[in-house]
Amino acid sequence: MQKTSDAASTAGDSYALVMKTGPAWSDLARVRRPLGAPGPGSALVKIHRAAVCGTDLHILKWNDWAQQHYRLPLPLGHEFSGVIAAIGADDAPAHHGLAVGDSVTVETHLACGYCDQCLRDRGHTCLNLKVFTRLGEGAFAEYATVPLAMLRRLPAGMSHRHGCLLEPLGIALRAVEECRVTGGVLFVSGCGPIGLLAVAAARQTGVARVLAADLSPARRELALALGAEAAVDPRDGSDRALLGTGVDAVVEASGSPAAIENALNLLRPGGTLMLAGMPAQNLALDLSRHVVLREIAIRGVYGRHLQGTWARLQEIAPRMQSALDRLITHEFAQDDFAEAFRVAMDGQAGKVELIFS
């Protein structure tokens, strides 16, 4: 094992991490684990920052989706940034280009590299996909042991405050760019963190008009600060009056059945509905009306392209740091994790972060 930092020399000690221990949202505990050396092909990362994600909220609420995909107890969190403290023995040349001391974030999807999807350059939908949240590690922790193939170096000069947001930014950036509406009109439905990042990414990538909707006045204000031309409450019908004959594409980031139905109604014929939110339940859609007769394309976005999106992030994310600053509305010390989750659960915040180092 390479070992060149004080953090790496702590192997054999212990570290703290946050676990969900039961079905109630408040069933949380901060526990300690032994801090061991990383195995072959893995790195020990000292976590500096971690952000609360919508997936964390699904798990905290222990809704039907969470119960189908996870078993308790489990570590929480997957959006983080930190520094490589140690690298395990690995025959791969140059350890995937990473070294002890590098500032990194995580690509939370790990592809097998040999299935049909991987051979089609679709590792993000790998048929044997592994995800960080099922590796027994968590981001709300002082350390995590991570496969080297999941780590991505931060752009030069990027802080951990911004670096821990690259994973969700990658989802938003990919959703916007795959709508292919540069020069057109994009509507962002739901201004939680992914929706807000979509607003910022759209402005950065040349979308001519960006409009947004959310139930929360605070989040509508954030959307305006991040570059939306207008941000409306979808309950009062002002979105239809604003949009006239319809928009070219909608990034639907709330997962709300009512919002998805509304998004379909706002699209012009031939438009695109990009689903970036996770519906908590099944829903019925009028496919004859929308897909057949109006030729609307309905797509989903699941994570980032494992190479292409990260290359784009290296280029675009450094130019978006002022937008990321606006998006981060709350920061908490690591001991205050329960309050951080409560604030994120209220649905009024932008991005909520925990500070570990």
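If you scan the stretch 310-346, which residues turn out to be β-branched (Val, Ile, Thr) and either surrounded by fewer than 15 Cβ atoms within 10 Å (Cβ to Cβ) or part of a helix (DSSP H, G or I) (or both)? Let's see the steps before the verdict.
First, pick out the residues of the stretch 310-346 that are β-branched (Val, Ile, Thr): 316, 328-329, 343.
Result: Ile316, Val343.
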For Asp236, the lone unmet condition from (1) open to solvent by 70 Å² or more (accessible area, probe 1.4 Å); (2) at pLDDT 90 or above is (2)
> Quick check, is Asp64 of a type in the set (Asp, Glu), at pLDDT below 95 and open to solvent by less than 10 Å² (accessible area, probe 1.4 Å)?
Replying inline: no
Picked from the stretch 156-192 (must be open to solvent by 30 Å² or more (accessible area, probe 1.4 Å) and in contact with a strand residue (DSSP E or B) (Cβ under 7 Å, 6 or more places away or on another chain)), the residue nearest to Glu261 (Cα to Cα) is Glu178
Residue count, the stretch 22-33, condition surrounded by fewer than 14 Cβ atoms within 10 Å (Cβ to Cβ) and part of a loop (DSSP other than H, G, I, E, B), comes to 4
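Please verify whether the stretch 77-86 includes one or more residues that are assigned to a loop (DSSP other than H, G, I, E, B), of a type in the set (Ser, Thr, Tyr) and either closer than 15 Å to Arg304 by Cβ or touching a Lys or Arg at 6+ places or on another chain (Cβ under 8 Å) (or both). Talk me through it step by step, then tell me what you get.
At the first step, the residues of the stretch 77-86 found to be assigned to a loop (DSSP other than H, G, I, E, B) are 77-78.
Narrowing the set further to residues that are of a type in the set (Ser, Thr, Tyr) leaves none.
So far as the stretch 77-86 goes, no, none of its residues is assigned to a loop (DSSP other than H, G, I, E, B), of a type in the set (Ser, Thr, Tyr) and either closer than 15 Å to Arg304 by Cβ or touching a Lys or Arg at 6+ places or on another chain (Cβ under 8 Å) (or both).
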Pairing a residue in the stretch 325-340 that is among the β-branched types (Val, Ile, Thr) with any residue that is outside any strand (DSSP E or B) and open to solvent by 50 Å² or more (accessible area, probe 1.4 Å), where Cβ atoms lie under 8 Å and the two sit 6 or more apart in sequence or on different chains, gives Ile328/Arg161
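Among the residues of the stretch 276-301, write down those that are assigned to a strand (DSSP E or B) and surrounded by 21 or more Cβ atoms within 10 Å (Cβ to Cβ). Outline the logic, then answer.
To start, the set of residues in the stretch 276-301 that are assigned to a strand (DSSP E or B) comprises 297-300.
None; the set is empty.
Going through Ala139, Ala201, Ala231, Ala149 one at a time, which residue ends up being open to solvent by 40 Å² or more (accessible area, probe 1.4 Å), touching a residue at least 24 places away in the same chain (Cβ under 8 Å) and over 16 Å from Gly277 (Cα atoms)?
Details: Ala139 fails: open to solvent by 40 Å² or more (accessible area, probe 1.4 Å); Ala201 fails: open to solvent by 40 Å² or more (accessible area, probe 1.4 Å); Ala231 fails: open to solvent by 40 Å² or more (accessible area, probe 1.4 Å).
The unique qualifying residue is Ala149.
The values are calculated or read from the model by the stated rules, or taken from the named source; none is laboratory data. Nothing here was measured: the structure is a model prediction, and the numbers come from that model. All Cβ positions, even for glycine, are placed from backbone atoms using ideal geometry, and neighbour counts span all protein chains on display. Just the protein is used for accessible areas: all its heavy atoms, side chains included, with ligands, DNA and RNA removed. Shrake-Rupley method; radii C 1.70, N 1.55, O 1.52, S 1.80 Å.
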